[in-house]
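J.: I am attaching a structure below and will ask some questions about it afterwards.
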């Protein structure tokens, strides 16, 4: 997955995943839609609208990125966070980490699945692998040593992050085994929001690599037995705004006209992000809106190189996003 952040920006990838809009289409003066945009709109269409019940889970403080206000705006029925009325349970930590583990996060999801037997959407934001990475929190840190790192990168920080990824792998493996044992169709979208800002590589040279994270979409055994099918075409390089379309395709779900548009964007356009590559002066920002396009080989391509049909599709996509977030809201009555 191509992230529009490096070392930070979690809520932007979350926004793209929930809405299907790309933050690269916004002006640079609107860097965080969660804090600058969502609260100002009366209606915020999202994937939540496709479900009768929706729950957000974040095993940390709920006010970061304005989530306690944003989630109700998106139509979530409950938000579980530290201090919320609906409690974060299990609360397991690894060694000396101050953050609740991925094991805790996934177990709270399992609890929610068991407590509500009908169709629902669950949005989970984990905390286990959050910075800082220099505290030597883990008893088995020496088991996960990097062989070498780029110049200026601190090897201890890479080792700490690698240790956390080890624990994530184990928790994900257990989580998948658990949902495979549930006799209801369940599909997971797992993605890294961004890489930690510990790598001192040259952004002009390695910008794309520094904005790549791993992702997968998994349908449990029951879902696969009832029509869900894994697919590989066009999945090598994607962006968070593609996930709605990808899940609909994998689960063979009926789509709205907007989700059909997102399917065209996923299938016919390169992945898109903002600030992926620094310019010759090392700058990744700017005052002009700019979208970086990354093809299926992980290479940057210019918007000018898109075909006439691709440019028209991109314009349609941008017009819908503009209308809903800044325009006259002509399309809102068709989005429900």
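J.: For a quick check: sort 157, 164 by the number of other beta carbons within 10 angstrom, fewest at the front. The partial results should precede the final answer.
T.: Working: 157 20, 164 23.
Final ranking by Cβ density, sparse to dense: 157, 164.
J.: Per 0.36 nm of contour for each residue apart, how much would the distance between residue 151 and residue 255 grow if the chain were fully extended, relative to their Cα-Cα spacing? Kindly include the intermediate steps, with their values, before the conclusion.
T.: Details: separation 104, 0.36 × 104 = 37.44 nm, distance 4.80 nm.
Separation in residues times 0.36 nm, less the Cα-Cα distance, equals 32.6 nm.
J.: For the chain, what does -39500 (n - 2.57) per DSSP helix run (n ≥ 4), summed and divided by total residues, give at 222 nm, in deg cm²/dmol to the nearest 500? Present the calculation step by step, with values, prior to reporting the outcome.
T.: Details: 11 runs with 117 residues, N = 336.
Computed ellipticity for the chain at 222 nm equals -10500 deg cm²/dmol.
J.: To the nearest 0.05, what FRET efficiency results for residue 267 and residue 334 with a Förster distance of 35 Å applied to their C-beta separation? Show your work: numbers first, answer last.
T.: Values: r = 22 Å, r/R0 = 0.62.
Taking R0 as 35 Å, the efficiency between residue 267 and residue 334 is 0.95.
J.: Quickly rank 64-72, 13-21 as a protection proxy: mean count of other C-beta atoms within 10 Å, highest first.
T.: On the way: 64-72: 18.8, 13-21: 24.6.
By packing density, highest mean first, the sequence is 13-21, 64-72.
J.: Ordered by packing density, taken as the mean number of other Cβ atoms within 10 Å over each peptide's residues, highest first, how do 299-306, 207-214, 181-188 rank? Kindly include the intermediate steps, with their values, before the conclusion.
T.: Working: 299-306: 11.5, 207-214: 17.2, 181-188: 15.4.
Top to bottom by mean Cβ count within 10 Å: 207-214, 181-188, 299-306.
J.: May I ask you to compute the full-extension gain from residue 326 to residue 213, defined as 0.36 nm times their residue separation minus their alpha-carbon distance, rounded to one decimal in nm? Walk me through the numbers on the way to the answer.
T.: Details: separation 113, 0.36 × 113 = 40.68 nm, distance 3.01 nm.
Using 0.36 nm per residue and subtracting the Cα-Cα distance, I get 37.7 nm.
J.: Starting from the 7 Å offset along Cα-to-Cβ, what nm value, one decimal, do you get for the label separation of residue 233 and residue 303?
T.: My value for the distance between the label points is 2.9 nm.
J.: Defining a contact as two alpha carbons under 8 Å apart and six or more residues distant in sequence, what relative contact order in percent does the stretch 10-335 show? Each step should come with its number before you reach the end.
T.: Numbers: 481 pairs, mean separation 57.4, N = 326.
Relative contact order, the stretch 10-335: 18 percent.
J.: Could I ask something else about it? Could you give the length gained by full extension between residue 177 and residue 89, i.e. 0.36 nm per residue of separation minus their alpha carbon distance, to one decimal place? Before the final figure, lay out each step's value.
T.: Values: separation 88, 0.36 × 88 = 31.68 nm, distance 2.01 nm.
This chain segment gains 29.7 nm when fully extended.
J.: Can you pull the one-decimal nm distance between simple spin-label points at residue 116 and residue 315, each 7 Å off the Cα toward Cβ?
T.: Once both label points are built, they end up 4.1 nm from each other.
Bear in mind that the values in this text are calculations on the coordinates, not laboratory data. Remember, it's a predicted structure, so these values are computed and weren't measured experimentally. We place every Cβ from the backbone using ideal geometry, glycine too, and count neighbours over all the protein chains shown.
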